[in-house]
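The values are calculated or read from the model by the stated rules, or taken from the named source; none is laboratory data. Quick caveat, the model's predicted, so the values are computed rather than measured. Positions of Cβ are backbone-derived with ideal geometry, glycine not excepted, and every protein chain shown enters the neighbour counts.
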């Protein structure tokens with residue numbers, strides 16, 4: 001027991017150290033180079049009006065905080081879905097939930113712009129949540145008919161393709177100049193996040209992750225089987241509903257502000273399980289949040305700086321690192337089943 005506690009403590013310290021290093025790197029690196037001395041000066045005197053201060057306070061700091069919050073939210077959402085479906089590759093992107101949210105947000109934005117209206121953060125999250133719930137509803141409908149998890153995952157992937165194709169069709173034929181940036185958003189990006197957006201992101205993420213943490217005990221029982229959880233007094237219908245709503249809320253928040261971000265919801269929980277050596281929700285929920293934040297900060301740093309001033313979509317970078325992790329996980333599971 002003491003060994004597990006020490007391992008968890010060391011893992012959390014490592015994640016916090018990586019988080020601090022990546023925060024500093026994201027503030028310093030970019031098209032406009034900022035020295036450590038300049039950064040300290042800007043952070044101590046927020047009232048500065050020079051260009052460096054504007055770059056740090058207006059562009060980089062909101063963006064890196066958004067990447068950290070949304071990356072953590074996406075990883076926790078993935079862990080909730082993996083727990084719900086008893087499958088390590090279930091995630092918002094794989095199951096088509098992010099793509100469903102992307103479609104409803106795109107339709108809502110285009111409808112609003114065509115009528116000369118500007119949508120607030122609450123409307124975007126609401127639209128994304130509706131799309132997430134629709135996709136999740138289809139997945140649950142299929143799960144009642146399909147018992148094999150591999151086929152259910154395939155159905156989720158197909159739902160994602162359909163929603164992505166519909167989104168691309170809508171974006172392609174939307175000719176209003178005010179939604180020219182919709183294409184960049186549909187590919188996934190943390191750029192353009194403002195402080196007012198960040199306040200909403202932080203609030204929604206805090207509520208979603210906090211409520212998920214409160215479900216740690218019934219989640220731990222659920223991991224041991226439905227019958228075991230029911231014998232411990234867990235209200236299964238209510239528990240399933242809460243898990244679905246929380247995972248959809250977290251993934252909807254990500255999609256509303258950053259578009260679809262691939263593989264984070266699958267890769268980050270798997271990495272955290274390997275790092276911490278446990279799947280206990282009490283440990284995994286904060287671990288996934290920190291791991292998702294570190295993963296997205298690292299990928300966003302590469303997206304911004306690798307080919308600067310050209311910026312890559314965040315999904316392109318997360319796929320490069322996340323897909324091999326998922327493939328390795330599947331091969332490891334296959335090898336374990338063969339040995340058994």
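Which pairs have Cβ atoms under 6 Å, sit 6 or more apart or on different chains, and link a residue in the stretch 82-103 that is touching a residue at least 40 places away in the same chain (Cβ under 8 Å) and not assigned by TED's automatic domain parsing to the domain that holds residue 126 to one that is surrounded by fewer than 22 Cβ atoms within 10 Å (Cβ to Cβ) and not in a helix (DSSP H, G or I)?
Once the first residue is touching a residue at least 40 places away in the same chain (Cβ under 8 Å) and not assigned by TED's automatic domain parsing to the domain that holds residue 126 and sits in the stretch 82-103, its partners that are surrounded by fewer than 22 Cβ atoms within 10 Å (Cβ to Cβ) and not in a helix (DSSP H, G or I) give 82/88.
Each row is one residue, and each column tells you yes or no for (1) at pLDDT 85 or above; (2) touching a helix residue (DSSP H, G or I) at 6+ places or on another chain (Cβ under 8 Å).
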{"position": "6", "(1), (2)": "yes, no"}
{"position": "20", "(1), (2)": "yes, no"}
{"position": "25", "(1), (2)": "yes, yes"}
{"position": "51", "(1), (2)": "no, no"}
{"position": "69", "(1), (2)": "yes, yes"}
{"position": "81", "(1), (2)": "yes, yes"}
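Only one of these is in the same structural domain as residue 316 (by TED's automatic domain parsing), within 30 Å of residue 4 (Cα to Cα) and surrounded by fewer than 19 Cβ atoms within 10 Å (Cβ to Cβ): 274, 227, 216. Name it.
Matching residue, one of 274, 227, 216: 274.
Any residue in the stretch 230-248 that's surrounded by 11 or more Cβ atoms within 10 Å (Cβ to Cβ): show its pairings with residues that are not in a helix (DSSP H, G or I) at Cβ separation under 8 Å, as long as the two are six or more apart or on different chains.
Listed by first residue and then by second, the contacts come to 239/215; 242/215; 243/215; 246/215; 247/92.
Cβ-Cβ under 9 Å, sequence separation 6+ or interchain: first residue in the stretch 258-283 and at positive phi, partner outside any helix (DSSP H, G or I). Which pairs?
Listed pairs, sorted by first residue: 259/188; 259/189; 259/313; 263/91; 263/93; 263/94.
Going through 151, 81, 141 one at a time, which residue ends up being closer than 18 Å to residue 252 by Cα and either out of contact with any strand residue (DSSP E or B) (no Cβ under 9 Å at 6 or more places or on another chain) or surrounded by fewer than 17 Cβ atoms within 10 Å (Cβ to Cβ) (or both)?
Unique residue meeting the criteria: 81.
Could you pull out the residue among 330, 290, 282 that is modelled with pLDDT under 90 and over 18 Å from residue 97 (Cβ atoms)?
330
I need the full set of residues from the stretch 189-214 which are under 25 Å from residue 86 (Cβ atoms) and within 19 Å of the chain's Cα centre (by Cα), in order please.
Those that are under 25 Å from residue 86 (Cβ atoms) and within 19 Å of the chain's Cα centre (by Cα): 208, 209, 210, 211, 212, 213.
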